Amino acid sequence: MNSKQVVLVTGSSTGFGRLFADTLARKGHTVFATMRDPGGRNAKNASEIRTLAEKDSLPIHVLELDVTDDASVGRAVDAAVAKAGRIDVAINNAGYYLTGLEEAVTTEQARRLMDTNFLGPVRVNRAVLPHMRRQRSGVLIHISSGAGRLILPAAGFYCASKFAMEALAEAYSYELAAQGIESVIVEPGAYETPVFGNTVTAADEARTATYGAVKEIPAKLHAALSSSAGNAQEVADAVLRIIETPAGEKQLRYFVSPQSYGVEEINALAKQVQAKVLEAFGLTADTKFRKGKAVGSV
């Protein structure tokens, strides 16, 4: 890959996504900051990013991209490739937090959450991978969470969405390695971002009311996470380091957190177990990273 990357970031209107765009662009990487409805609901955010880019001469371009819409994703990726000629890195960052007792979460709420947090990366990866495979290089970065490894009561559906994304991202890492493409998972702990302000709450209040003292768990969890939140710039700096790590040398998972919850221990054990599984099925050689080489054609 070139030292300066072309990076597409989903969910760039606020929070981690916006920090990623700013941090990467200040290091000379070309960033396509994507978001839903930059001409409407996110007009203010889009304008602020464009103004900042012009003021500080940053290579940031705002594009409309709704991760729940296949056509929207396709248009954004095509526009980025048309302007920059390639996409080196896709950061799957768009997502939101759903809290509440699991029985009180409606099936419609669960569907919407998975459509964004899990199927969103599916759509983005399917759109960018043909370009990366032609390049024989690329990086898929999946912004997961410590909740992609640990289970918290009142966050079960959110955890499920992140567990699902991590499973997909790991499968991608095995399948794409021989084509010079890396799939990476970033697992932030609790950080100060607008995610908690945009939290969706379980809709079935009547079910919640029947749980007695247990119904207070969501509020307790929110208070605990908020009180321990760190500076989100740490995550943006970690993503920058990952992008600038030479091809073939990136880890599958990076846990970035002000606190240690045991996630790194889980990751270390899982790495050992997965290696044995691949060996048992005779897949070790097939899943090794091969720089600049591809299998098959696009």
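Taking every alpha-carbon pair under 8 Å whose residues sit at least 6 apart, the chain reaches a relative contact order of 20 percent. At most 16 other C-beta atoms within 10 Å and a DSSP loop state: those are the exposed GluC sites (Glu not before Pro) I care about. Give me the longest piece of the chain that has none. Value returned for the longest uninterrupted segment is 1-191. Under 5 Å from the amide H of residue 256 lie the amide H atoms of 187, 189, each residue being 5 or more positions distant or on a separate chain, with H modelled from the backbone and absent for Pro and chain starts. Report, in listed order, any pair from 27/162; 4/271; 4/288; 4/250; 250/288 with a Cα-Cα distance greater than 19 Å. Among 27/162; 4/271; 4/288; 4/250; 250/288, the Cα-Cα distance tops 19 Å for 27/162; 4/271; 4/288. Report, by chain and number, residues whose modeled amide H sits under 5 Å from the one on residue 61, excluding near sequence neighbours (fewer than 5 apart, same chain). Long-range HN contacts for residue 61: 31, 32, 33. At full extension, residue 41 and residue 112 could sit 23.7 nm farther apart than now, given 0.36 nm per residue minus the alpha carbon distance. Shape of segment 63-106 from the C-alpha gyration tensor: prolate (a/c of 1.5 or more and a/b above b/c, with a ≥ b ≥ c the square roots of its eigenvalues). Its residue count N fixes a reference of 2.2 N^0.38 Å for segment 188-242, and the Cα radius of gyration divided by that reference is 1.51. Against the empirical 2.2 N^0.38 Å (N residues), the chain has a Cα radius of gyration ratio of 1.00.
On full extension of the chain, what length is gained from residue 279 through residue 226, given 0.36 nm per residue of separation minus the C-alpha to C-alpha distance?
Once the chain is fully extended between residue 279 and residue 226, it gains 14.8 nm.
Take the alpha carbon gyration tensor of segment 68-160, find the square roots of its eigenvalues, order them as a ≥ b ≥ c, and report rounded if a/c is under 1.5; if not, report prolate when a/b exceeds b/c, else oblate. Prolate shape, in that a/c is at least 1.5 and a/b is the bigger ratio. Segment 155-188 and segment 1-74 have Cα centres lying 22 Å from one another.
Quick check on segment 210-254: what are the equivalent-ellipsoid semi-axes from the Cα gyration tensor, as sqrt(5λ), descending, whole Å? Mind dumping the intermediate values first?
On the way: eigenvalues 283, 37, 5 Å².
In descending order, the three semi-axes are 38, 14, 5 Å.
Working note: 222 nm ellipticity from helices only, DSSP H runs with n ≥ 4, each -39,500 (n - 2.57), summed and divided by the residues of the chain, gives -14000 deg cm²/dmol to the nearest 500.
Read the figures in this text as sums done on the coordinates, not as results from a lab. Keep in mind that what you see is a predicted model, and the values were worked out from it rather than measured. Positions of Cβ are generated from backbone atoms using ideal geometry, with glycine treated the same way; all protein chains shown enter the neighbour counts.
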